[in-house]
Structures are given as C-alpha cells and as structure tokens.
1. Identify, please: which residue in the range 142-196 is of a type in the set (Ser, Thr, Tyr) and modelled with pLDDT of 90 or more and is, among those, surrounded by the most Cβ atoms within 10 Å (Cβ to Cβ)?
2. Any residue at all in the range 206-223 that's touching a Gly at 6+ places or on another chain (Cβ under 8 Å) and either modelled with pLDDT of 85 or more or of a type in the set (Ser, Thr, Tyr) (or both)?
3. Within the range 23-47, count every residue that is touching a Pro at 6+ places or on another chain (Cβ under 7 Å) and closer than 15 Å to Gln6 by Cα.
4. Return only the number of the condition from (1) over 16 Å from Gln170 (Cα atoms); (2) under 24 Å from the mean Cα position of the chain (by Cα) that Arg56 does not satisfy.
5. Check off (1) of a type in the set (Asp, Glu); (2) within 18 Å of the chain's Cα centre (by Cα); (3) more than 27 Å from Gly28 (Cα to Cα) for Asp82 and give me the number that stays unchecked.
6. All but one of (1) assigned to a strand (DSSP E or B); (2) touching a Leu at 6+ places or on another chain (Cβ under 9 Å); (3) at pLDDT below 95 hold for Val127, so report the exception by its number.
7. Show the residue pairs that are 6+ apart or on different chains and have beta-carbon atoms under 8 Å apart, the first residue being within the range 169-194 and closer than 19 Å to Ser57 by Cα and in contact (Cβ under 8 Å) with a residue 12 or more places away in the chain, the second being charged (D, E, K, R) and in a helix (DSSP H, G or I).
Amino acid sequence: MEPIEQLIIDVPEEHQGIIIEKLARRKGELTTVENAGTNTIRIEFEIPTRGLIGYRSEFLTDTRGLGIMASRFVRYGKWRGDILSGTKGSVVSIETGPATAYALEGLQERAVMFIDPTEKVYVGQIVGENSRNMDFTCNPTKRKNLTNHRQSTKDIGVKLDVPRKMTLEQAMEWIRDDELVEVTPKSIRVRKTILDFNDRKRAMKKQLALSESVNSSHSRPSM
C-alpha cells in the first residue's frame, strides 16, 4: 500500500497535454476535466505521493508559471508500480578537496555539473549528471601543471556553465537505488551509498552473483 493524493490543477488549455502526459508517467490517474470557458481548465488526478516528489518545479516550467496546483492526502491505495526515471548517469568524485575551474571546464563538456569552483567535495560524492545512462568517475580537484608562463595564465579564459542546484525534492527524485541525499544546514548534496569505488564494484559483483543464484534455483525443475 502507499499514500494516494488528490491533485487539482488549474492551467491554460494549451498546456493540458504535457501535464496529462507527465503525470501519467508518474502513475497519476485522470479523474475529471472541467472547462470553465475562460481558456482555463481544471484537471483532477489521483496520484501516489511519491509521484509528486520533484514535480512542482517541472510543473512551473511546463506551464510558464501560469499553472496552479494543490494536493491533499485522501487514502492509502495499492502500490502502483515503479516510476521510470529519465536516462542519466552520475559523475562521481574519486578525490577529496576543493574543486578547480580547470577540472570543471573539461567535465562540463560531458555532463551537467552540480558544483562550483573551490567548493569542497569528497570521495563518492556525485558532482554532476552524465549525458549518457552510465556512471563515470572523475577528479574534480585536478589542477593544471604550472610549469611555464603560458600554462599559468591559461585559466584566465576559462568559461564555466552555471551549475545545477537541486532542491531537496528534486534531489530525492533524481537519485537511484544505490544513491543517497545528504542534507546539511548549508547545502544539499547527492552521493553514492558506498563511497569507495572499489567497494562499490565488489558490492555490485556480490549482488549480481546473488541474482544469478536466485534465478538459477527458480529455473530448476521440481522433483
């Protein structure tokens, strides 16, 4: 069982398609649609509470700030299945220390970064989102070799994209099963549950071996 909420949305007619489509992906069930005749419609859904996590900011973007949504708990209902997340991978730090502009400039060509230059990071912290559906490790603290005048002045031309800063709800929606949200008084970070890279690989191998063992036992004919 899981908590189910009644979701009421008032939105201009031209945005109803994207709203219905995205809430269906989040296991929302459309119950009523009312047209007030003023180019604004009211749409009601029943949706699991977890389906609303991280959706509010997306809703504002999709409706250009013109939509209004409100929800309330109504009952517990049967589990509606997994909500498929977007295809993305994590960019995981393998070093501890302050991030450098030199390292971030190279990383932003492959990923959307979550951190600023000089921000302190640690081993196992997720510092960005990979554009492909796979994780990769990096060293965001890497410094340029300052052996001559040309190299030492090269950082003047570094251009960095604005990092993505997630709210608590967005971070909770973003993480996968092997990741956690870390909340402190000053920041919200995401990290791997197992921080060390080699420990994560060993745990993954054990999980894979266990899954193969269970599948093998289920496939054996009964005597």
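The values are calculated or read from the model by the stated rules, or taken from the named source; none is laboratory data. Keep in mind the model is a prediction, meaning the values are calculated, not measured. Virtual Cβ from ideal backbone geometry, glycine too; neighbours counted across all protein chains shown.
1. Initial filter on the range 142-196 (of a type in the set (Ser, Thr, Tyr)): 147, 152-153, 167, 184, 187, 193.
Then drop every residue that is not modelled with pLDDT of 90 or more, which leaves 184, 187, 193.
Details: Thr184: 7, Ser187: 11, Thr193: 13.
Taking the candidates together, the pick is Thr193.
2. At the first step, the residues of the range 206-223 found to be touching a Gly at 6+ places or on another chain (Cβ under 8 Å) are none.
No, there is no match, as no residue in the range 206-223 is touching a Gly at 6+ places or on another chain (Cβ under 8 Å) and either modelled with pLDDT of 85 or more or of a type in the set (Ser, Thr, Tyr) (or both).
3. Taking the range 23-47 and keeping what is touching a Pro at 6+ places or on another chain (Cβ under 7 Å), we get 27, 39-40.
Subsequent filtering for residues that are closer than 15 Å to Gln6 by Cα retains 27.
Selection size over the range 23-47: 1.
4. All conditions are met except number (1).
5. (3)
6. Among (1) assigned to a strand (DSSP E or B); (2) touching a Leu at 6+ places or on another chain (Cβ under 9 Å); (3) at pLDDT below 95, Val127 violates only (3).
7. What qualifies is Glu169/Arg56.
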